[in-house]
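Visitor: First the structure, then my questions, so here it is.
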Amino acid sequence: MAERLKEEILNREKMVDILAGPDAYRDLPRLLAVAESGQQAANVLLSLDETYADVMPVQTSPSATSAFVSIMRGCDNMCSYCIVPFTRGRERSRPVASILEEVRKLSEQGLKEVTLLGQNVNSFRDSSEIQFNNAVSTNLSRGFSTNYKPKQGGLRFAHLLDHVSRVDPEMRIRFTSPHPKDFPDEVLQLIHERDNICKQIHLPAQSGSSRVLEAMRRGYSREAYVELVHHIRESIPGVSLSSDFIAGFCGETEEDHLQTVSLLREVQYNMGFLFAYSMRQKTRAYHRLKDDVPEEVKLRRLEELITVFREEATKANMASVGCTQLVLVEGHSKRSATDLCGRNDGNLKVIFPNVEVEDVSNSGVRVRAQPGDYVLVKITSTSSQTLKGHVLCRTTLKDSSAYC
């Protein structure tokens, strides 16, 4: 927003003293000094190398069970609808060593879950050291292509994920938001092998129509995407899948829309994020395509996608009924003072009664689960977004593998 609406915010609205873009945080002391002298201060320049690798975030919530760790910034994909390359700049990754240091500190503070963050998180490539820059090209998912020249060298996402997962075997590891093109077999194998890497993958499809996907410049067809879904499910049994979809992109016909509906039914996602298309200035779509789907049609198609997603997610989640799942306790349920809530491996919310249970690590001792504890919950009912069950015991991530 700082880059996109700089002139409007500073000149027309006259409401802002300081405007800082995402790569200008180090400049805040100077900007504040300028503002204190009575002038407006702005820095919205994008950087090719700023990752804030040496700036360690401070955890301010004593009851936090999870944290986000930024591993890379920017995006080079240049999908035609997306503003991110223009507001976040080109891709650049933090050095692996600084990421591992941050994860270790979070582990020492007692946090039980870390989510690795990036606009295109699984295209991570640390080329900060000369010895990392070998001639090995990037491995892509089968049937996928890029809008840029193949990148060579650097420590890749599989290397980072491997080392992060070794920091603390009792700490869950997640990552978001990935691009489907960057799921080579070594990443899938690692997720399958490591108990503390969550068996949950976000796989943004955006559309079920190959024609629309080409207009979006996504770098894959519907067929390649579906083949990747099958390959992921074969590689990681029981994996939970989520996705993003855009309703009413430029030129989308009713037939294109129905292909997206059929993809939702075919894949049967556990979670979904669905939106009506909203054109952004500076994007390729803004300059080259026409936003020609009427607003009421976009909203009608969006409602249809949401309805189908919920139907299929409910069916997918029904498979959990009767199963025992490992849940990381987050706190009390917002809707019931007598219930606790947490999240399972697939990142779905699980609600269960706050009662005394056996502690597997201390035989004969009964405890009430606290935020940050792992508990085993037997699932008894489900909706499209929430699971409910009864708690069996408090456990550890290591010990839980015998039950789940």
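The values are calculated or read from the model by the stated rules, or taken from the named source; none is laboratory data. The shown structure was predicted, so the numbers you read here are calculated from the model rather than taken from an experiment. When we count neighbours, we look across all protein chains shown, and the Cβ atoms used for this are built from the backbone with ideal geometry, even at glycine. Side chains included, ligands, DNA and RNA excluded: accessible areas come from the protein's heavy atoms. Shrake-Rupley method; radii C 1.70, N 1.55, O 1.52, S 1.80 Å.
Visitor: For a quick check of your reading of the filter: which chymotrypsin sites (Phe, Trp or Tyr not before Pro) in region 139-191 sit in a DSSP loop and have no more than 13 other Cβ atoms within 10 Å?
Guide: Passing both the DSSP loop test and the Cβ count: Y148.
Visitor: Taking Cα pairs under 8 Å and at least six residues apart, what relative contact order does the chain come out at, in percent?
Guide: Once divided by the residue count of the chain, the mean separation gives 11 percent.
Visitor: May I pose another question? Which entry in (1) 22.7, 68; (2) 45.0, 140; (3) 26.4, 80 is this structure's computed Rg and Dmax of the Cα atoms in Å?
Guide: Given (1) 22.7, 68; (2) 45.0, 140; (3) 26.4, 80, the calculated one carries the label (1).
Visitor: Taking the simple approach of a point 7 Å from Cα along Cα-to-Cβ for both D339 and L392, what is their distance in nm?
Guide: Between D339 and L392, the label points sit 2.1 nm apart.
Visitor: State in Å² the accessible area per residue of the chain; use a 1.4 Å probe, count heavy atoms of protein chains only, and round to the nearest integer.
Guide: Heavy-atom SASA per residue in the chain reads 48 Å².
Visitor: Over region 1-104, what percent of the accessible surface lies on carbon and sulfur atoms, probe 1.4 Å?
Guide: Carbon with sulfur: 55 percent of the solvent-accessible area.
Visitor: Let me make sure I get this right: for region 30-85, a, b and c are the square roots of the gyration tensor eigenvalues over alpha carbons, sorted descending. Under 1.5 in a/c it's rounded, otherwise prolate if a/b > b/c, else oblate. Which is it?
Guide: Since a/c reaches 1.5 but b/c is at least a/b, the shape of region 30-85 is classed as oblate.
Visitor: For D399 paired with S381, estimate the spin-label separation in nm (one decimal), with each label point 7 Å from Cα along the Cα-to-Cβ line.
Guide: Computed distance between label sites D399 and S381 equals 3.0 nm.
Visitor: I want to check the label-to-label distance for E7 and E108. Put each point 7 Å from Cα in the C-beta direction and report it in nm to one decimal.
Guide: Taking the two extended label points, one gets 5.0 nm.
Visitor: How big is the dipole moment of region 9-156 about its Cα centre under a simple scheme where the beta carbon of each Lys and Arg is +1, that of each Asp and Glu is -1, and everything else is neutral? Debye, nearest 20, please.
Guide: Using Cβ point charges on Lys, Arg, Asp and Glu, region 9-156 gives about 500 debye.
Visitor: Give me the percent of the accessible area of region 323-400 that comes from carbon and sulfur atoms, probe 1.4 Å, all protein chains in place.
Guide: 45
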